[in-house]
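Peer 1: The structure's right below; bear with me while I get my questions together.
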Amino acid sequence: MKVNNFITRSITGLLYVAVIVFSMVLGQWCFAGVMFAVAGVSLWEFFSIVSKKTNPIKIIGIISGLFIYLIITLFVIDIISAKWLMLIIVPIVLLFISALYLRRENPISDLSITLFGICYVVVPLALINQIMAFSISQDMNYVLPLGFFVILWLNDSGAYLVGSKIGKNRLFVSVSPKKSWEGFVGGALFAVGSSVVLATNFVEMKLIFWVIYAVIIVIFATFGDLVESLFKRDLGIKDSGSILPGHGGMLDRFDGVFLSVPIVVFFLMLINNL
């Protein structure tokens, strides 16, 4: 059974990586389309799991979230100007109006969790297109988003390999009993090591940039992982879904993205204005 699970997990992982990488290679629009699909599935998963304790406005919330994704994405890839960002207000207002007509028992709770889901899931996945746009503007094609995912994946892999072998000191035992400081350090070493390789192969950005890039991703991806573990622990579930055999749900695969992407985008905007 364990062997079969390992094979299933490996095949799913390879397909997942292939889809992400090829979407980058095919360009900004293809990558944005894949992230749009990820946003839709992830938001559905989020609303499904929190339905154990709350009652999100699921369908209207997903439609609103995807509309907000489109507006943010069109802005970051320079298709629309900043004034059109005001359109984000429209689906938010419609959510409030829908709560009026739905006549829920707990409208404040339902609206709060719906809006939280959009902020937590959709906004980071829309902002990841800014990493792609910045990469293209620096004549680096898909290098920065590729580097982001390579560092993220190697951090996860290093943390798992080292943590499962020598992990003894718990990182955050009240939230995730299996995660250890040894695993965190191991993942960080894998990630920073990969940043050195990236700096060697993509010399448009200096080594110091890639190292800082990796450190930011490691720290905030780890927090993202822990935050999702906190949510799942509160809800009493192991995985957010089952769409990715051997890996769980889409939220499980992108948990490190949700908190790290906004900080990475801020970092890129900061160095772009120096």
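The values are calculated or read from the model by the stated rules, or taken from the named source; none is laboratory data. Values in this document were obtained by computation on a predicted structure and should not be read as measured data. Positions of Cβ are generated from backbone atoms using ideal geometry, with glycine treated the same way; all protein chains shown enter the neighbour counts. Just the protein is used for accessible areas: all its heavy atoms, side chains included, with ligands, DNA and RNA removed. Shrake-Rupley method; radii C 1.70, N 1.55, O 1.52, S 1.80 Å.
Peer 1: Give the carbon-plus-sulfur fraction of the accessible surface of the chain in %, rounded to a whole number; probe 1.4 Å, heavy atoms of protein chains only.
Peer 2: The C+S portion of the solvent-accessible surface of the chain is 71 percent.
Peer 1: Which residue, Ile11, Ile92, Ile62, has the most motion in a Gaussian network model of the chain that connects Cα atoms within less than 10 Å?
Peer 2: Looking only at Ile11, Ile92, Ile62, the largest GNM fluctuation is found for Ile11.
Peer 1: Mean Kyte-Doolittle of at least 0.5 and a Cα length of 24 Å or more along the axis: which whole DSSP H helices of the chain meet both?
Peer 2: 2-25, 28-50, 58-76, 143-166, 181-201, 207-235, 250-272
Peer 1: Among Ile89, Ser112, Ala126, which residue has its Cα positioned farthest towards the positive end of the charge dipole of the stretch 44-192, with +1 placed on the Cβ of Lys and Arg, -1 on the Cβ of Asp and Glu, and the dipole taken about the Cα centre?
Peer 2: The one lying farthest along the dipole's positive direction is Ser112.
Peer 1: Which value, in debye to the nearest 20, describes the size of the charge dipole of the stretch 73-172 about its Cα centre when Lys and Arg Cβ atoms bear +1, Asp and Glu Cβ atoms bear -1, and nothing else is charged?
Peer 2: Result for the stretch 73-172 is approximately 380 debye, rounded to the nearest 20.
Peer 1: Next question, about the same structure. Cα-based count: Lys pairs in the stretch 132-256 below 27 Å, eight or more positions apart or different chains?
Peer 2: Counting lysine pairs in the stretch 132-256 gives 12.
Peer 1: Further question: Please state the charge dipole magnitude for the stretch 202-258, taken about the Cα centre, from unit charges on C-beta atoms (+1 on K and R, -1 on D and E), reported in debye and rounded to the nearest 20.
Peer 2: Magnitude of the dipole: close to 60 debye.
Peer 1: Additional query: Let's see if you can work this out: charge +1 on each Lys and Arg Cβ, -1 on each Asp and Glu Cβ, no other charges. What is the dipole magnitude of the chain about its Cα centre, in debye to the nearest 20? Walk me through the intermediate numbers first.
Peer 2: Values: 18 positive and 14 negative charges, 151 e Å.
Result for the chain is approximately 720 debye, rounded to the nearest 20.
Peer 1: At 1.4 Å probe radius, can you tell me the per residue accessible area of the stretch 170-274 in Å²?
Peer 2: In whole numbers, the stretch 170-274 has 49 Å² accessible per residue.
Peer 1: Where the centre of each part is set by its Cα atoms, how far does the stretch 63-117 sit from the stretch 15-55, in angstrom?
Peer 2: 18 Å
Peer 1: Could you name the aspartates and glutamates whose alpha carbon sits less than 19 Å from that of Lys52, not counting residues in the same chain fewer than 8 places away?
Peer 2: Leaving aside aspartates and glutamates fewer than 8 places away in the same chain, those within reach of Lys52 are Glu105, Asp110, Glu228, Asp234, Asp239, Asp252.
Peer 1: Please build a GNM for the chain, connecting alpha carbons under 10 Å apart, and tell me which residue among Phe134, Phe172, Phe254 fluctuates the most.
Peer 2: Phe172
Peer 1: If you don't mind, there's one more thing I want to ask. Among 200-207, 177-184, 212-219, how do they line up by average Cβ neighbours within 10 Å per residue, starting with the highest?
Peer 2: Numbers: 200-207: 12.4, 177-184: 18.6, 212-219: 21.2.
Ranking the peptides 200-207, 177-184, 212-219 by packing returns 212-219, 177-184, 200-207.
Peer 1: Note the full-extension length gain between Phe116 and Tyr16 as 0.36 nm times their separation in residues minus their Cα-Cα distance, in nm to one decimal.
Peer 2: Values: separation 100, 0.36 × 100 = 36.00 nm, distance 2.65 nm.
Answer, rounded to one decimal: 33.4 nm.
Peer 1: Another question, then. With point charges of +1 on the Cβ of Lys and Arg and -1 on the Cβ of Asp and Glu, referenced to the Cα centre of the stretch 19-153, which listed residue (Ala32, Leu102, Phe67) lies farthest in the positive direction of the dipole?
Peer 2: Towards the positive end, the residue furthest out is Leu102.
Peer 1: As an exercise, use a Förster radius of 35 Å and the Cβ-Cβ distance of Leu87 and Asn272 to find the FRET efficiency, rounded to the nearest 0.05.
Peer 2: 0.85
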